[in-house]
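Below is one structure, written out as structure tokens, with a few remarks after it.
The values are calculated or read from the model by the stated rules, or taken from the named source; none is laboratory data. All values derive from a computational prediction rather than experimental measurement. Here the Cβ positions follow ideal geometry from the backbone for every residue, glycine too, while neighbour counts run over all protein chains shown. We work out accessible area using only protein heavy atoms, side chains counted, and drop any ligands, DNA or RNA first. Shrake-Rupley method; radii C 1.70, N 1.55, O 1.52, S 1.80 Å.
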Amino acid sequence: MNKVQVILTLDMENLPSNFAEILKQEQEVVGGWKAQGFLEHLFLRQNKNGAVLIFKDLNEEQVKDLMETLPFYKIKKSVEYLNLIKQF
């Protein structure tokens with residue numbers, strides 16, 4: 001099973017004034033991904049400057065395309081993609 005981990009870091013020093021509205025939109029998009037079954041996990045980072053997302057059954061290009069649709073993608077500081085292999 002293919003898994004891709006994404007580490008998203010937000011630019012906390014340049015948040016837009018409508019951040020609360022963007023957060024709500026973000027939650028709706030992520031909820032849709034979970035409902036569709038390809039977002040396996042979402043972890044908020046402890047210092048609240050981003051998240052770690054784990055996708056399943058998608059390749060890295062598909063994940064990149066999805067990530068670009070996230071409302072938070074526009075206020076990102078960085079995004080890192082890691083292809084994972086589960087060891088038994």
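Summary table
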quantity	calculated
Helical contribution to [θ] at 222 nm, DSSP H n ≥ 4, -39,500 (n - 2.57), averaged over the chain, rounded to 500	-9500 deg cm²/dmol
Range of Cα positions in the chain per principal axis (Å), largest first	45, 23, 22
Residue-level accessible surface for Met12, protein heavy atoms, 1.4 Å, Å²	80
Whole-number D in µm² s⁻¹ for segment 38-88, Kirkwood Cα-pair radius fed into Stokes-Einstein, 10 °C, 1.306 mPa s	131
Positive-end residue of Asn49, Ile22, Asn59, charge dipole of the chain with Cβ unit charges	Asn49
Contact order normalised by residue count of the chain, Cα under 8 Å, 6+ apart, percent	53
Cross-link pairs beyond the 20 Å C-alpha cut-off, checked among Lys24/Lys74; Lys3/Lys76; Lys34/Lys64; Lys3/Lys34; Lys24/Lys76	Lys3/Lys76
Accessible area expressed per residue, the chain, with surrounding protein chains retained (probe 1.4 Å, Å²)	67
Whole-percent carbon and sulfur share, accessible surface of the chain, 1.4 Å	51
Degrees separating the helix 19-36 axis from the principal Cα axis of the chain, which is the longest one	20
